[in-house]
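In what follows, a structure is listed as structure tokens, so that the remarks can point back to it.
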Amino acid sequence: MKTAARLQLFRKLPAVDDVMRDPAVSALVASYGHDSVVDAVRAVLTRLRQEITSGLLNDDNGALELALSGLPGALENQLRQALSYSLQPLINATGVILHTNLGRAPLSAEAIEHIRETAAGYSNLEFDLAAGVRGKRDVHVDRLFRKLLSSEGEISTIVVNNNAAAVLLALNTLAEGGEVIVSRGELVEIGGSFRIPDVMAKSGAILREVGTTNRTRTADYEAAITERTRLLLRVHRSNFEITGFTEQASTAELVALARKRGIPLMEDLGSGALFDLRSIGISGEPGVLDSLRTGVDIVTYSGDKLLGGPQAGLISGGSKLITRMRSNSLFRALRVGKLIYAALEATLLTYVQRDHDAVPTLRMMRLTKEEIGKRAEAVAAQISNSQFKVEIMDGESLLGGGAAPSSVLPTRVLALTCEGLSADELATRLRVSEPPIIARVEEGRVVLDLRTVFPAQDAAVAAALNRIVS
């Protein structure tokens, strides 16, 4: 488009004040507020200027006149988009139970109700009702952790905002200015480029690497101990495994060494299960009880992974060590609020009551391949559009969240192809549907694993598929 023609189109764009005087736009002001509508007008006019500059709007097709005639509608769309929630619920059909990008563990109905009750008014977060004096917020969950870990002696637990914070607080309390011995094969990087060595550096502790990437023996730890050693550290390898020519000191061996040399042993489990994963066919993933029973002094783990609760960092261990962490000024900066305590308390109560199926994460893990297959057949029967080719196939679900990276759960999946749409295009349409549905693309097909879809959402999945190509 020539410069003169472009300038002529720019002159046709109305001023903000002129748009605001339009009766249809005045009606939007009543609903959305003056300032919000002004922002929307500026955003829409800026978009029109960009489209003129790029040549999308020109004199040949009358597109600019058409766009200007639909300005009130464009403004309303802009306002709805700008003032709607960005964080929104979706359907996870990936089969990854603890999907970090999708919010990890969904909360139980009991946890959601307890949050509602606690958030709607005041609560005894830090008030001792019996004594009528200020209390400690830890008591609401520590009492439940003591029940769950009671066989392990005098164990206490404190809560911070995530597991990285738990590691930071523990290292700062126990090893600031001193050395922490850790295997080179455990210097992991977790999601978001957070690395254990970086967290350790922030804590004020000094990293002392021992062994090699694939082989670290107990003798390597012992040889590295000096008068500056404050802590032995074991780190769970999240999201990967080292196999082949490998060797790793056992937890029991490190416990014995720690006792012999009078140095605490800390284990960062990352996920941290409070139930036996072997009951669902997954082995080799240590649980919190496993570590404490073996004699580990301090265990750090997440609340929103295998535990199935809210995002939180949990530190369980000997009461004397936990008391030191509680008195660290860093603890106040990392502590959590009443909503996390409410969700965590409700989640832990289901464990105490042994009602594991009340926790969505645990319920999903325990679903059988046959149960998922029957649901997949029911959804397939509801897909009425002839453009779809639907197959029900064997598949594999993942725990996710860095837990048991090489372990899978057998499942049955819906494998879809759609006439006229590539697999990527179909996945995109599912992603922008209402509600959004997140699926996998494998070998030119869209794959839906109902393990991570709530049964009440099955009908919404079928309806979305029928709607997508209608």
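The values are calculated or read from the model by the stated rules, or taken from the named source; none is laboratory data. All of these numbers come straight from a predicted model, not from anything done at the bench. Heads up, the Cβs are rebuilt from the backbone with ideal geometry, glycines too, and the neighbour counts pull from every protein chain shown.
Rundown of residues vs (1) touching a residue at least 24 places away in the same chain (Cβ under 8 Å); (2) of a type outside the set (Gly, Ala, Ser); (3) out of contact with any His (no Cβ under 6 Å at 6 or more places or on another chain), yes/no style:
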site	(1), (2), (3)
ALA63	no, no, yes
PRO72	yes, yes, yes
ARG80	no, yes, yes
VAL96	yes, yes, yes
ARG104	yes, yes, yes
ALA109	yes, no, yes
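Listed by position, the helices (runs of 4 or more DSSP H) inside segment 357-470 whose residues that are out of contact with any Pro (no Cβ under 9 Å at 6 or more places or on another chain) and exposed (fewer than 13 other Cβ atoms within 10 Å of the Cβ) number at least 1 are 369-382, 423-431, 458-468.
Among the residues that make up segment 26-49, is at least one of them modelled with pLDDT of 90 or more and not in a helix (DSSP H, G or I)? Within segment 26-49, one or more residues are modelled with pLDDT of 90 or more and not in a helix (DSSP H, G or I).
Every residue, every condition in (1) buried (at least 19 other Cβ atoms within 10 Å of the Cβ); (2) modelled with pLDDT of 90 or more; (3) among the small types (Gly, Ala, Ser), yes or no:
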position	(1), (2), (3)
ARG237	no, no, no
ALA249	yes, no, yes
SER283	no, no, yes
GLY295	no, yes, yes
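The residue list LEU307, LEU330, LEU348, LEU314 contains one member that is crowded, with 18+ Cβ neighbours inside 10 Å, in a helix (DSSP H, G or I) and touching a residue at least 60 places away in the same chain (Cβ under 8 Å), which is LEU348.
Kindly evaluate LEU409 against the criterion of being in the same structural domain as ASP142 (by TED's automatic domain parsing), hydrophobic (A, V, I, L, M, F, W, C) and touching a strand residue (DSSP E or B) at 6+ places or on another chain (Cβ under 7 Å). No: the conditions fail for LEU409.
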